[in-house]
Amino acid sequence: MPAIQTRGLTKDFRSPIKEPGLAGAVKSLFHRRWRQTRAVDALDLTIQEGELVGFLGANGAGKTTTLKMLSGLLHPSSGEVSVLGHVPARREASFQRRISLVMGQRTQLWWEIPALETFRLNQAIYGLGDAEFNRSLDELVALLDLGDCLAVPVKKLSLGQRMRAELAAALLHRPALLLLDEPTLGLDVVMQKKVREFIREYNRRSQATVLLTSHNMTDVVQLCLRVVVIERGRLLYDGPLARLVEKYATHKLIRVVFDREIPSADLAPIGRVVENAGPRAVVEVPRPRVSKAAAELLSRFPVADLTIEEADIDDVVRLLFSEK
């Protein structure tokens, strides 16, 4: 049985139409009109146990709404959905014990108390014995480098520390399905790398199914062999990441910090200059030429720092959508 299977999964939201002015407000009391918005549109999706899949789309594509239906937070308007053999909307305890939803812009940690106290609360909620809890906690603390953070009030943790603590809280009960919504949002490059390494290792060790949404293409490229792309709630692409990248992400971005300002005309032979402000510049380079272009920058100019980034996922989706 697949870990996730949906057929015709659809979600509509209804919101009132408010007319301006006092007269409009009074009128709406007696003759309210509604606007209907379709966030997810007849989505068919099958994900097997143990897969680590990227779930992509621009802002407003319906990714978070889909994750909330898969976790049981939202009821579908129509269609069918099965997650780990359960109907999520029923919110059975046996289902909730097997999943976790981590949202980069939301927190389950109590702000005023140390993260360890939230972990203890989760132990009680999930009915974990002391031996099982301590074993999971020790493993997660080691993997996420949380040893110095457990006794610190959450409000005093850095964003990176808090995100790692969020992951630990979500994984103490060893869920078979991990739904990740922008887990690296707002983190610096070093912390993004640590979170990615942890997600990969958790998937490898536990054989848990992972569905990951991210606007950071590097997250997807480094973690996922398969990607699902949606736009306006409709499925655009479901297949190997390599095929999507080869066809649509044809360029990479080289971000450079120089010791002094470099004229755009001097950088133009290396690639398309996307940005050049003071000592900082961004150059777009065809994927096959990235290594050569980076070497040229390092040899010809006084480079203080250089990073290579994937194209923004919104640009990839836009190119994909333009062909549909």
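The values are calculated or read from the model by the stated rules, or taken from the named source; none is laboratory data. Since the model is a prediction, treat every value here as computed from it, not as a measurement. Neighbour counts run over all protein chains shown; Cβ positions are idealised from the backbone, glycine included. We work out accessible area using only protein heavy atoms, side chains counted, and drop any ligands, DNA or RNA first. Shrake-Rupley method; radii C 1.70, N 1.55, O 1.52, S 1.80 Å.
Ligands, DNA and RNA left out, the accessible area of the range 64-181 computed with a 1.4 Å probe is 50% carbon and sulfur. Computed over the chain with a Gaussian network model linking Cα atoms closer than 10 Å, the most mobile of Asp188, Asp266, Asp238 is Asp266.
With a simple spin-label model that places each label point 7 Å from the Cα along the Cα-to-Cβ direction, the separation between Glu132 and Glu275 comes to 4.8 nm.
Along the range 243-258 the Karplus relation, 6.51 cos²θ - 1.76 cosθ + 1.60 evaluated at θ = phi - 60°, assigns HN-Hα couplings of 5, 5, 5, 4, 8, 10, 9, 7, 10, 10, 10, 10, 9, 10, 10, 9 Hz to successive residues, with x for each Gly and Pro. Between Glu197 and Asp259, the simple label model (points 7 Å from Cα in the Cβ direction) yields a spacing of 3.1 nm. Scalar couplings 3J(HN,Hα) for the range 147-158, obtained by applying the Karplus form with A = 6.51, B = -1.76, C = 1.60 to θ = phi - 60°, are x, 8, 9, 4, 9, 8, x, 4, 5, 9, 7, 6 Hz; x denotes Gly and Pro. In the elastic network of the chain, a GNM with C-alpha springs shorter than 10 Å, the most mobile of Ala89, Ala265, Ala115 is Ala265.
Shown in residue order for the range 117-129 are the 3J(HN,Hα) couplings computed by the Karplus curve 6.51 cos²θ - 1.76 cosθ + 1.60 at θ = phi - 60°: 5, 5, 4, 5, 5, 5, 4, 5, 4, 8, x, 8, x Hz (x for Gly and Pro). Taking 10 °C and 1.306 mPa s as conditions, the range 205-295 diffuses translationally at an estimated 101 µm²/s according to Stokes-Einstein applied to its Kirkwood radius (Cα pairs).
Close amide H partners of Val40, meaning residues 5 or more places away or on another chain with modelled amide H under 5 Å apart, are Lys11. Counting only protein heavy atoms and a probe of 1.4 Å, the accessible surface of the range 203-324 is 50% carbon and sulfur. Using the Cβ-Cβ distance between Arg300 and Ala242 with R0 set to 45 Å, the FRET efficiency works out to roughly 0.90. Using only alpha carbons, the range 115-234 has a radius of gyration to Kirkwood radius ratio (Rg to Rh) of 0.98.
Amide hydrogen proximity for Glu231: with H placed 1.01 Å from N in the peptide plane, the residues at 5 or more positions away or on another chain lying under 5 Å are Leu236.
Taking each DSSP H run with n ≥ 4 as -39500 (n - 2.57) and averaging over every residue of the chain yields -11000 deg cm²/dmol at 222 nm.
The distance between label points at Ala142 and Arg289 comes to 4.8 nm (points 7 Å beyond Cα on the Cα→Cβ vector). For Arg272, the residues whose amide H sits under 5 Å from its own are Glu284, ignoring neighbours fewer than 5 places away on the same chain, with H placed 1.01 Å from N. Could you give the longest part of the chain that holds none of the GluC sites (Glu not before Pro) found in DSSP loops with at most 14 neighbouring Cβ atoms within 10 Å? Of all site-free stretches, the longest is 113-260.
Look at (i) 62, 59, 47; (ii) 140, 43, 32; (iii) 69, 41, 32: the one that is Cα extents along the principal axes in Å derived from this structure is (i). What whole-number value in Å² describes the accessible area per residue of the chain for a 1.4 Å probe? Averaged over the residues of the chain, the accessible area is 51 Å².
Using 0.36 nm per residue, how much length does the chain from Asn59 to Val152 gain when fully extended, once their Cα-Cα distance is taken away? Contour length minus the Cα-Cα distance gives 30.1 nm. Annotation for the range 180-248 versus the range 134-156: alpha-carbon center distance of 24 Å. Counting only DSSP beta bridges whose two residues both lie in the chain, roughly 70 percent are antiparallel. Computed extension gain for Arg97 through Arg7, at 0.36 nm per residue and net of the alpha carbon distance, reaches 30.0 nm.
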